[in-house]
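**Student:** Sharing a structure, written as structure tokens. Questions coming.
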Ligand SMILES: [Zn+2]
């Protein structure tokens, strides 16, 4: 049975474990929330980009329609001029102009067909991107809500844990507490460990005979020769 000092220290260590775990969670929760927020922004951007690509195509289509209308008006003008010209070569020249313009219209029509096909494709892609984004965003928002809730719980639990740690500290001798606190700063948790087969259960190295005997009696602080952790003997 470990000495009373050790038993009190082990109670403190258990409560500090809970406290430190809560503190670690409180530290990581804002980072996790931030990471989910960044994912939401990314999702929104992806959906917006898909929509913008579609908009560009729709604008191109409008431009093409405008250009074709302009060319058609040109043809009407040429045809009206043809009614007024007197010489055959003038008439033929206008015919040539009309053919040229018709060629341009035909090229624009071809382009428009391709643009319309692209619009169909892009529209489907944009709809799918938006749907996926909405779904993903709702997952991230759900995670954020849970994290915020967990943060609230942690803050409440931490308040309690601090009180419990503080009560446990009151039962530990100040000299032991000083060593314990220093170890908490420098050594990986746990800092009060048992001695098993003459080995420190913190660093797993064998300790000297003097330390082993201190650990067995539990009157003096038995510090591991290697890592400095406080040792105690179960027996
Ligand atoms: Zn050790």
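The rows are residues; the columns are (1) assigned to a helix (DSSP H, G or I); (2) at pLDDT below 95; (3) more than 27 Å from residue 26 (Cβ to Cβ).
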| site | (1), (2), (3) |
| --- | --- |
| 149 | yes, no, no |
| 168 | yes, no, no |
| 184 | yes, no, no |
| 190 | no, no, no |
| 214 | yes, yes, yes |
| 220 | no, yes, yes |
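**Student:** Residue by residue through segment 182-197, note down the ones that are touching a helix residue (DSSP H, G or I) at 6+ places or on another chain (Cβ under 9 Å) and over 18 Å from residue 219 (Cα atoms).
**Tutor:** The answer is 184, 189, 190.
**Student:** Here is a follow-up. Residue 171: out of contact with any helix residue (DSSP H, G or I) (no Cβ under 7 Å at 6 or more places or on another chain) and either more than 10 Å from the ligand (Cβ to nearest atom) or within 18 Å of residue 12 (Cβ to Cβ) (or both), yes or no?
**Tutor:** Working: out of contact with any helix residue (DSSP H, G or I) (no Cβ under 7 Å at 6 or more places or on another chain): no; either more than 10 Å from the ligand (Cβ to nearest atom) or within 18 Å of residue 12 (Cβ to Cβ) (or both): yes.
No; evaluated as a whole, the condition is false for this residue.
**Student:** OK, next. Please go through segment 7-34 and give me each residue that is more than 13 Å from residue 165 (Cα to Cα) and out of contact with any helix residue (DSSP H, G or I) (no Cβ under 9 Å at 6 or more places or on another chain), ordered by number.
**Tutor:** Across segment 7-34, the qualifying residues are 7, 24, 27, 28, 31, 34.
**Student:** For segment 195-214, enumerate the residues that are in contact (Cβ under 8 Å) with a residue 24 or more places away in the chain and away from the ligand (no atom under 11 Å from the Cβ).
**Tutor:** Result: 196, single match.
**Student:** Continuing with this model, one more query. Given the condition under 24 Å from residue 4 (Cβ atoms) and away from the ligand (no atom under 11 Å from the Cβ), answer yes or no: does some residue in segment 146-161 qualify?
**Tutor:** Filtering segment 146-161 for residues under 24 Å from residue 4 (Cβ atoms) gives 161.
Adding the requirement that they be away from the ligand (no atom under 11 Å from the Cβ) leaves 161.
Among the residues of segment 146-161, at least one is under 24 Å from residue 4 (Cβ atoms) and away from the ligand (no atom under 11 Å from the Cβ), which makes the answer yes.
**Student:** Among residues belonging to segment 179-192 that are within 14 Å of the ligand (Cβ to nearest atom) and crowded, with 20+ Cβ neighbours inside 10 Å, point out the one that is nearest to residue 9 (Cα to Cα).
**Tutor:** 192
**Student:** For segment 144-170, give me each residue that is over 16 Å from residue 19 (Cα atoms) and buried (at least 16 other Cβ atoms within 10 Å of the Cβ).
**Tutor:** 144, 147
**Student:** Let me ask another. With the requirement that a residue be within 11 Å of the ligand (Cβ to nearest atom) and either within 38 Å of the chain's Cα centre (by Cα) or crowded, with 18+ Cβ neighbours inside 10 Å (or both), what does segment 216-235 give you?
**Tutor:** Going residue by residue through segment 216-235, those that are within 11 Å of the ligand (Cβ to nearest atom) are 222-231.
Scanning segment 216-235 gives 222, 223, 224, 227, 229, 230, 231.
The values are calculated or read from the model by the stated rules, or taken from the named source; none is laboratory data. Everything numeric here is computed off the predicted structure, so don't read it as measured data. Positions of Cβ are generated from backbone atoms using ideal geometry, with glycine treated the same way; all protein chains shown enter the neighbour counts.
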